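Peer 1: My structure is below; once you've seen it, I'll send some questions.
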Amino acid sequence: MVAASQHPNITLMTYSEVEEVKGYVGNFNVKIRQKAKSVDHELCTGCGVCWEKCPNMVINEYDQGLSARKSIYIRFPQAVPSKPVIDRQHCRWFNRDGRCGVCSEVCQAKAIDYLQQDQVVDEEFGAIIVATGFDLFGNENSFAEYGYGTLPDVISGLHFERLSSASGPTGGKIIRPSDGKEPKSVVFIQCAGSRDDAKGKSYCSRVCCMYTAKHAHQVLEKIDDAQAYVFYMDIRTPGKAYEEFYRRSVNDGAVYLRGRVSRIFSKNNSMIVRGEDTLISKQVEIEADLVVLATAMVPGFDANIVAGLVGIGSDKDGFFEEAHPKLRPVETHTAGVYLAGTCQGPRDIPDSVAQAGSAAVKVCGLFSADERELDPITALVDEAICSGCGICLSLCPYKAIDFISVSASMAGVSFQREVAAVNEALCQGCGTCVAACRSGSINLKGFTNEQLLAEVEAVCQ
Ligand SMILES: Cc1cc2nc3c(=O)[nH]c(=O)nc-3n(C[C@H](O)[C@H](O)[C@H](O)COP(=O)(O)OP(=O)(O)OC[C@H]3O[C@@H](n4cnc5c(N)ncnc54)[C@H](O)[C@@H]3O)c2cc1C
């Protein structure tokens, strides 16, 4: 990120959101809201005095609630640029009619600007790469049988990441959330929500086997006399040196139990994990100080909104859909829009980076051509019979249809009326508009009713 921020051809727009995307390949017009940071980043030196002195403590979402942050803060330690924003929802200045202002008083650079407003900018782009990432499945109600949300020492893999991170709230010391003590027995449960048709997602989240092996390894490495148990369905290690890494965690002493956990309940200051070891066909009970759930990767909470904004499709699970899973895995059906990373489906960092590189090269290829070939099968509106009802506009997944004004006359009177018009650069020939058009005024080129009937007739002859 630091390299990207320093590159002369890259403009980094942090704390910003895309609000509208218009146009088509080579000519995208994007409206971006740059949210008010309440800090002038041109003046701010990132010295940190403001957040040191800020009197207001807020739960730190990034640390999964394991620590507190200030109202003026940097979201995470490696953030670029390393300059703060004010969280207006919690800042005393904004919530107590200006009765605070400590950050402004201590800022030598005079960078605090409480009156800063959101700015909406319009930018032109030739192509778009969507890389909006993933969320994790589940809330406190999703894994009631595991006590997630009720037992404080049942946590998610992401929670564990913050606990074991050297730059995390505990400096990398693995502790139990309930009492801050080092856990001696840690149970990991894989496929929490993945490969679960009944209550979760049917797909495999692909990264959990490896990060659980990493977590088990960390427990055994960092805690003296610790035990790590992993409940699994199958171990999937389809990456370079992944199998070796998993074996290393087994050789370190991690105990892998093939089977599902049926219940977790608390008992005498610790927990009992009851499950089945299907390899010996026996019920097992393990006393655990900490339980870590490898929860499923799911599409970002606003994936639907992003898909609608950019005009791309989603698959049955809500991940953005590629044009072809084997032949065009980073392209979408919308020309000029590409995908990178977990917004397309679960994957780890090496795969996300490879896909991002591939998307970047596709964009370079697009820009290096003087002309672009379009698919000949696009929709065409017969203006004479289009009623201008607009149904096709609302249904088109590629935002390829718009109204245009055309001249018409009736009983000798001339007037203007609105009819649908298809932008051939955006149309992907999906036929949704054709099926929906009540007046029958839209057809796919080469596939009019007359042409189809003529084909049928020729075949029958
Ligand atoms: C517990 C856990 C441990 C893991 N450990 C490993 C590991 O050890 N090794 C490994 O290789 N992989 C690991 N992974 C997988 C790894 O996290 C992902 O492969 C990686 O984060 C995917 O990167 P991404 O850029 O696709 O998505 P993300 O990391 O989710 O990044 C997406 C970014 O887009 C931003 N964004 C989202 N929506 C918008 C919007 N509308 N506008 C602007 N910005 C937006 C988000 O804020 C975020 O910064 C782990 C995953 C989990 C859950």
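Peer 1: For region 339-387, enumerate the residues that are of a type in the set (S, T, N, Q) and either more than 16 Å from the ligand (Cβ to nearest atom) or under 20 Å from residue 298 (Cβ atoms) (or both).
Peer 2: Selection gives 342, 344, 352, 355, 368, 378, 387.
Peer 1: So how many residues does region 106-124 have that are loosely packed, with under 13 Cβ neighbours inside 10 Å, in contact (Cβ under 8 Å) with a residue 40 or more places away in the chain and of a type outside the set (Val, Ile, Thr)?
Peer 2: 8
Peer 1: Another question, then. Go through region 170-212 residue by residue and tally those that are of a type in the set (Val, Ile, Thr) and over 22 Å from residue 257 (Cα atoms).
Peer 2: Total satisfying the criteria: 3.
Peer 1: Another question about this same structure. Just a yes or no: is a residue in region 293-303 more than 19 Å from the chain's Cα centre (by Cα), within 13 Å of the ligand (Cβ to nearest atom) and in the same structural domain as residue 205 (by TED's automatic domain parsing)?
Peer 2: yes
Peer 1: Another question, then. Please work out if residue 277 is surrounded by 21 or more Cβ atoms within 10 Å (Cβ to Cβ), of a type in the set (Asp, Glu) and away from the ligand (no atom under 16 Å from the Cβ).
Peer 2: So residue 277 does not fit the description; no.
Peer 1: What number of residues in region 149-165 are part of a strand (DSSP E or B) and either near the ligand (Cβ under 8 Å from one of its atoms) or touching a His at 6+ places or on another chain (Cβ under 7 Å) (or both)?
Peer 2: Quick first cut of region 149-165, residues part of a strand (DSSP E or B) only: 151, 154-156.
Narrowing the set further to residues that are either near the ligand (Cβ under 8 Å from one of its atoms) or touching a His at 6+ places or on another chain (Cβ under 7 Å) (or both) leaves 156.
Count: 1.
Peer 1: Taking residue 439, is it part of a loop (DSSP other than H, G, I, E, B) and of a type outside the set (A, V, I, L, M, F, W, C)?
Peer 2: yes
Peer 1: Another question about this same structure. Test residue 426 against the criterion of being assigned to a helix (DSSP H, G or I), touching a residue at least 12 places away in the same chain (Cβ under 8 Å) and under 33 Å from the mean Cα position of the chain (by Cα), and give yes or no.
Peer 2: Answer is no for this residue.
Peer 1: May I pose another question? Report whether or not residue 22 is within 16 Å of the ligand (Cβ to nearest atom) and within 30 Å of residue 397 (Cβ to Cβ).
Peer 2: Considered against the rule, which asks whether it is within 16 Å of the ligand (Cβ to nearest atom) and within 30 Å of residue 397 (Cβ to Cβ), residue 22 comes out as no.
Peer 1: β-branched (Val, Ile, Thr) and closer than 30 Å to residue 399 by Cα: is that true of residue 32 in this structure? Give the steps one after another, and end with the answer.
Peer 2: Working: β-branched (Val, Ile, Thr): yes; closer than 30 Å to residue 399 by Cα: yes.
Spelling it out, residue 32 is indeed β-branched (Val, Ile, Thr) and closer than 30 Å to residue 399 by Cα.
Peer 1: Then there's this: Applying the selection to region 365-399, what residues are part of a helix (DSSP H, G or I) and either within 27 Å of residue 305 (Cα to Cα) or in the same structural domain as residue 21 (by TED's automatic domain parsing) (or both)?
Peer 2: Once the filter is applied, which keeps residues that are part of a helix (DSSP H, G or I) and either within 27 Å of residue 305 (Cα to Cα) or in the same structural domain as residue 21 (by TED's automatic domain parsing) (or both), region 365-399 yields 366, 391, 392, 393, 394, 395.
Peer 1: Moving on. Looking only at region 324-352, count every residue that is part of a loop (DSSP other than H, G, I, E, B) and among the aliphatic types (A, V, I, L, M) and tell me the total.
Peer 2: 4
Peer 1: Could you give every pair whose Cβ atoms fall below 7 Å, whose first residue belongs to region 355-368 and is within 11 Å of residue 129 (Cα to Cα), and whose second residue is outside any helix (DSSP H, G or I) and among the aromatic types (Phe, Trp, Tyr), counting only separations of at least 6 or pairs across chains?
Peer 2: 359/338; 362/338; 363/338
Peer 1: What single numbered condition from (1) in a loop (DSSP other than H, G, I, E, B); (2) of a type outside the set (Phe, Trp, Tyr); (3) within 23 Å of residue 283 (Cβ to Cβ); (4) within 16 Å of the ligand (Cβ to nearest atom) fails to hold for residue 132?
Peer 2: Exception for residue 132: condition (3).
Peer 1: If you don't mind, another one. In this structure, is residue 22 in a loop (DSSP other than H, G, I, E, B), touching a strand residue (DSSP E or B) at 6+ places or on another chain (Cβ under 7 Å) and surrounded by 13 or more Cβ atoms within 10 Å (Cβ to Cβ)? Spell out how you get there, then give the answer.
Peer 2: Details: in a loop (DSSP other than H, G, I, E, B): no; touching a strand residue (DSSP E or B) at 6+ places or on another chain (Cβ under 7 Å): yes; surrounded by 13 or more Cβ atoms within 10 Å (Cβ to Cβ): yes.
So residue 22 fails the test.
Peer 1: Could you tell me which of the residues 194, 202 is polar (S, T, N, Q), surrounded by fewer than 16 Cβ atoms within 10 Å (Cβ to Cβ) and under 19 Å from residue 234 (Cβ atoms)?
Peer 2: 202
Peer 1: I would also like to ask the following. Which members of region 58-74 meet the condition of being surrounded by fewer than 17 Cβ atoms within 10 Å (Cβ to Cβ) and in contact with an Asp or Glu (Cβ under 9 Å, 6 or more places away or on another chain)? Full working, then the answer.
Peer 2: As a first pass, look at region 58-74 and keep what is surrounded by fewer than 17 Cβ atoms within 10 Å (Cβ to Cβ): 58-59, 61, 65, 67-68.
Passing the criteria: only 58.
Peer 1: For residue 97, are the conditions met, namely being of a type in the set (Asp, Glu) and touching a helix residue (DSSP H, G or I) at 6+ places or on another chain (Cβ under 6 Å)?
Peer 2: Answer is no for this residue.
Peer 1: Kindly provide the set of residues from region 166-191 that are within 16 Å of the ligand (Cβ to nearest atom) and loosely packed, with under 15 Cβ neighbours inside 10 Å, ordered by number.
Peer 2: Selection gives 166, 167, 172.
Peer 1: Restricting the search to region 261-304, which residues are closer than 24 Å to residue 202 by Cβ and either outside any strand (DSSP E or B) or among the polar types (S, T, N, Q) (or both)?
Peer 2: 262, 278, 295, 296, 300, 301, 302, 303, 304 - these are the residues of region 261-304 that are closer than 24 Å to residue 202 by Cβ and either outside any strand (DSSP E or B) or among the polar types (S, T, N, Q) (or both).
Peer 1: Could you give me the residue pairs with C-beta distances under 9 Å whose first residue belongs to region 223-234 and is touching a residue at least 40 places away in the same chain (Cβ under 8 Å), whose second residue is in a loop (DSSP other than H, G, I, E, B) and of a type in the set (A, V, I, L, M) wherever it lies, and which are 6+ apart or on separate chains?
Peer 2: 223/174; 226/174; 227/254; 228/254; 229/254; 230/254
Peer 1: Restricting to region 221-257, what's the tally of residues that are crowded, with 19+ Cβ neighbours inside 10 Å and in a helix (DSSP H, G or I)?
Peer 2: 2
Peer 1: Considering only region 323-334, how many residues are surrounded by 22 or more Cβ atoms within 10 Å (Cβ to Cβ) and either away from the ligand (no atom under 16 Å from the Cβ) or under 15 Å from the mean Cα position of the chain (by Cα) (or both)?
Peer 2: Going through region 323-334 one residue at a time, the tally reaches 1.
The values are calculated or read from the model by the stated rules, or taken from the named source; none is laboratory data. Given the structure is predicted, the values throughout are model-derived calculations rather than measurements. Note that we place each Cβ from the backbone using ideal geometry, even for glycine, and neighbour counts take in every protein chain shown.
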